[in-house]
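Nothing in this text is a laboratory measurement; each read-out follows from the coordinates by a stated rule. Model, not experiment: these values are computed from the prediction. All Cβ positions, even for glycine, are placed from backbone atoms using ideal geometry, and neighbour counts span all protein chains on display.
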Amino acid sequence: MKDKLNNVLDWLKEKKVDYADARFVRIESEAIRVTDGIVDTLTKDVNVGVGIRVLHDGAWGFAAVASVKEADIKKTANKALQTARASATTVKEKAKLAEVKAYKDHYKSPCEKDPFSIPVDDKVGLLMELSDRLRSDSKIKTAEASADFYKTNKVFCSTEGAAIEQDIIESGAGYTATSYDGKEVQKRSYPNSHRGDFATRGYEFIEEMKLLDNVDRTREEAIQLLTADDCPDAETDIIICGSQMALQVHESCGHPSELDRVLGTEISLAGGSFMQIDGLNKLKYGSDIVNIFADATIPGALGSFGYDDEGVKAQRAPIIQNGLHVGYLTSRETAPIIGQTSNGTMRADGWNRLPLIRMTNINLEPGEWKLEDLIADTRDGIFFDMNKVWSIDDKRLNFQFGVECAWEIKSGKLGRMLKNPLYTGMTPKFWNSCDAICNRNYWHIWGVPNCGKGEPMQTARVAHGAAPARFRKVKVGVSK
Amino acid sequence: MIGKDKLFELFEKVAKSSKADETEIVYIGSNFGLTRFANSIIHQNVNEANCKILIRTILGKKIGVASTNSLSYADLKATLSNSIEIAKYQKDNKHFPGLPGPEKYAEINTYFENTALYSPKDRARQVKKIFIRANKRKFLTAGAFATGDGEIAVFNTKGVRCYQTVTNASVNIIAMSGTSSGYSVGLSRKVEDIDAVVLADIAVEKAYLGKKPKPLEAGDYEVILEPAAVAALIEWVNYIGFGSKAYIDKTSFLSDNIGKKVMADSVTMYDDGLDQAAISMPFDFEGVPKKKVYFIEKGIGKGVVFDRITGNREGVPSTGHGLTASDHGQGAIPLNIFIETGNKSLAEMIASVKRGVLVTRFHYINGFIDTPKLVLTGMTRDGTYLIEDGQIKHGVKNLRFTDSMLRAFSTVKGISPERQLIPSWWDSVGCIAAPAFHLGAFKFTGTTDF
């Protein structure tokens, strides 16, 4: 494959392009969903093709084809070149790329048990048992359990001489019980909502999830929610669980720190960012204990890889240090604008898409608290657990999140369960109200398999390390 | 384009070798181009030639699904084998009624050559017109202009042979001043219907009108929602309310409300895949003809859409809204929603408001707060204005809303006589034909800084 890609890149060099790269990607995926004891999805997909990106006269063109035939690849390269020429008619300032070492390497993600070698019967059997146990009470209207597996082989070559192959395996699973009593509908999930938890690991990750150990509690909490009291409207202290903190980091730090978004190139879909360049090293994003890093080097995390889709090696880079905004997620084109080199976050969701700046593992570093001590230290408040609703404005300032379930905290103890809990705030004010983060024992990297960005839409798999954290005087319960 | 004859010849050959009781092959192929712009330059410009072939095989009541994007006979045979292997591992799906047989399908034209032949150069020419219009006010623009063609074929061993060629064209434009932005959007199967100049002018005027926005306190307001704002709300109402899975799971507001009053008398919403005013299609991905389905008629809850499995589960026939076999776990979903028009123009609506808010569009709506009550939250963006004494006074900073759409759409004071086609956010094949709405009450629950 490398020879085929290099041949077409040589042809593009003859056409005097500024730069070009070619990516072959083969993704094999398996999806299993069991709903109420019926396997309503059991699919395998194989998706193969080549995408070619050309920079010519300082403007970009990209074309992709579902073929590995050399003639098709060359035709596609020509299409990319013609497209770059069309783009060039609007150029004001030619795009320039930060220098990068032209790596020649083969990266493989860690995997003990290839999920595609596990018998389908075993995987279906586990999900069936989970679904059966979830719906063992008549108040559970729907019991869903799912698992997803991806095996990606990609080859990246560039006109600068890079030749990188990567083999990446990703696995994930989870379940949700939906309860109904004729009036009310509630949901409870494990280990996380929205298809569970994911990692760049093999089937051993699924085995370590303790799926069966938590199924009875999940079912019972879904039923309890039907009769729980509504979350009150108030301004109060809140403790947010790790998986919800992961989404908080995702929406209010991960996305606004994408430098392409800051520069306006995502305006047409998901908007811009309040983390503007003139605030770099000046904006007090959060309190002094808030430290957020992008880190694509953590073995097994869903946002980890060897090289991004520009051939830049995976890195760890600070975004927020002691509450100060100190960095962005960058690409080869955007990094020079702030006088830096790329920190390696350009990724495409397949051969048929252009790489964009995507989150890697954007992690809130752990603090020093034990969760029980943090609850004991909170006089009045609410503990928020597991995401249900997310929404944030197009500069990532005003957010509103809802979770599946909450518990009142009274005099340092967890009290009654609360349903339909929401909290809302403005990003910097909220993060500046963070006064406690739990320690590494409570810290987990949550895989987020469905991060959307770009036109045409791309779905990236990213991750966030987080532990439960406390925020003071937050507006809660703004529901109806 | 591969063509009907070649595709069905190939699928006959593959299906002949199948050892399954029944075999279905669905082909979706496309050539797609999208020119994306920001800061008034083209910064992303992409083309894709791709396809998906899904093979569904049936062993008794066991279903296997495998897919590939290769049309080679060897790869199709391997995909068929995978599908049969998966079916063997399956448990019986007691709700599966078997594959459908052939039916009569409407003949509609969904393919227009000018759109299919539209090149990156053609798109660049249109995009430059947008830049020029915006530059007259020294505004910058962002957006995307997309064109493409494709073919869809549904084949099964019960005799279904559906085939349709399609084209699509769409544009979205955001014009930006230093303190405000404006938005416009266009969608059609024919690229000639997209007038980049007219749409650019709309976005620019909206940004101009909203310059130096003032803050507005959150609260319950009378609102006028333009078509893009209405479509964004109804897209979520559709996602959580009009599909068969939500209905069966009791998470839909319609689950316990069929035959009951749910919105104002003037509200009627339905799906009609055969109406060529929208992104029409004569059949679904199971080869079932599209049927017109009412969700809300004169304010009364009427029904939801079904595919073969969920319809059989509920004892009703498929309405022709089946998704591809890999998505059957999601149930059936409507893709061509129409909202019935009224007789009050946008100007009349504005003139009748003493104090209220005009909303161009919404951002990042989420509808999982309380789905049976249709509670949605989201932000306004790209043109929000205060109306006082029947006139637009000034732009206002964006607002967060959190409200039940059952409540909001029970307070309808007027609906515009024309409607606009708005593309679906999460699916390039879906659209909503929406008029503007004047609502008596809409709850804004928060504000932001811009």
Compactness relative to 2.2 N^0.38 Å, alpha carbon Rg of the protein assembly as shown: 0.89
Peptide B:360-369, shielding by other chains (average Cβ, 10 Å cutoff): 5
If the convex hull is drawn through the Cα atoms of the stretch B:257-346, its volume per residue in Å³: 109 Å³
Entries of A:395/B:128; B:245/B:443; A:113/A:210; B:250/B:298; B:19/B:91; A:13/A:108 with Cα pairs more than 25 Å apart: A:395/B:128; B:245/B:443; A:13/A:108
Whether chain B is rounded, prolate or oblate, judged on the alpha carbon gyration tensor where a/c under 1.5 counts as rounded: oblate
Shape category assigned to chain A from the gyration tensor of Cα positions, a/c cut at 1.5: oblate
Anisotropy class of the stretch B:162-271 from Cα gyration tensor, a/c 1.5 cut: oblate
Dipole in debye (nearest 20) - the stretch A:15-137, about Cα centre, beta carbon charges: Lys, Arg +1; Asp, Glu -1: 1160 debye
Per-residue mean of C-beta atoms belonging to partner chains within 10 Å, peptide A:81-93: 6
Dipole magnitude (debye, nearest 20) for the stretch A:43-103, charges at Cβ of Lys, Arg, Asp, Glu: 60 debye
Compactness relative to 2.2 N^0.38 Å, alpha carbon Rg of the stretch A:383-440: 1.27
Nearest-0.05 FRET efficiency for residue A:370 and residue A:413, computed from C-beta distance (R0 22 Å): 0.90
Qualifying GluC sites (Glu not before Pro) for the stretch B:91-149 [loop in DSSP, other Cβ within 10 Å: at most 16]: B:103, B:107
Straight-distance crosslink candidates among lysines, where the alpha carbon sits under 16 Å from residue B:13 and sequence neighbours closer than 8 are dropped: B:4, B:77, B:158
Relative contact order (%) - chain B, alpha-carbon pairs under 8 angstrom, separation at least six: 15 percent
Three principal axis lengths of the stretch B:32-74 [C-alpha, angstrom, descending]: 58, 23, 9
Highest-MSF residue in chain B out of B:419, B:137, B:308 [GNM, Cα springs under 10 Å]: B:137
Neighbour-limited loop hits for trypsin sites (Lys or Arg not before Pro), the stretch A:134-229 (at most 10 other Cβ within 10 Å; DSSP other than H, G, I, E, B): A:183, A:210
Relative contact order of chain A, pairs being alpha-carbon contacts under 8 Å that are 6 or more residues apart, as %: 15 percent
Loop sites in the stretch A:22-122: trypsin sites (Lys or Arg not before Pro), DSSP, at most 16 other Cβ within 10 Å: A:69, A:92, A:94, A:96, A:101, A:113
Calculated FRET efficiency for the pair residue A:113/residue B:5, C-beta based, R₀ 41 Å, to 0.05: 0.35
Charge dipole of the protein assembly as shown about the Cα centre (unit charges at C-beta), most positive-ward option of A:432, A:62, A:445: A:62
Relative contact order [Cα under 8 Å, 6+ residues apart], the stretch A:49-164, whole percent: 21 percent
Extreme residue, positive dipole direction of the protein assembly as shown, given options B:359, B:240, A:459 (C-beta unit charges): B:359
Over the stretch A:286-359: Rg over Rh, Cα atoms, Kirkwood Rh: 1.00
Helix-only CD estimate at 222 nm, as mean residue ellipticity for the protein assembly as shown, using -39500 (n - 2.57) per DSSP H run (n ≥ 4): -6000 deg cm²/dmol
Residue with peak Gaussian network fluctuation, chain B [Cα springs, cutoff 10 Å], from B:157, B:57, B:167: B:157
Hull volume in cubic angstrom per residue (convex hull over the Cα atoms of the stretch A:1-110): 174 Å³
Ellipsoid equivalent to the stretch A:337-480 - semi-axes via the Cα gyration tensor, in Å: 32, 18, 15
Cα-centred dipole magnitude for the protein assembly as shown, charges only on beta-carbon of K, R (+1) and D, E (-1), debye, nearest 20: 1600 debye
Dipole of chain A [Lys/Arg +1, Asp/Glu -1 at C-beta], most positive-end residue of A:81, A:290, A:153: A:81
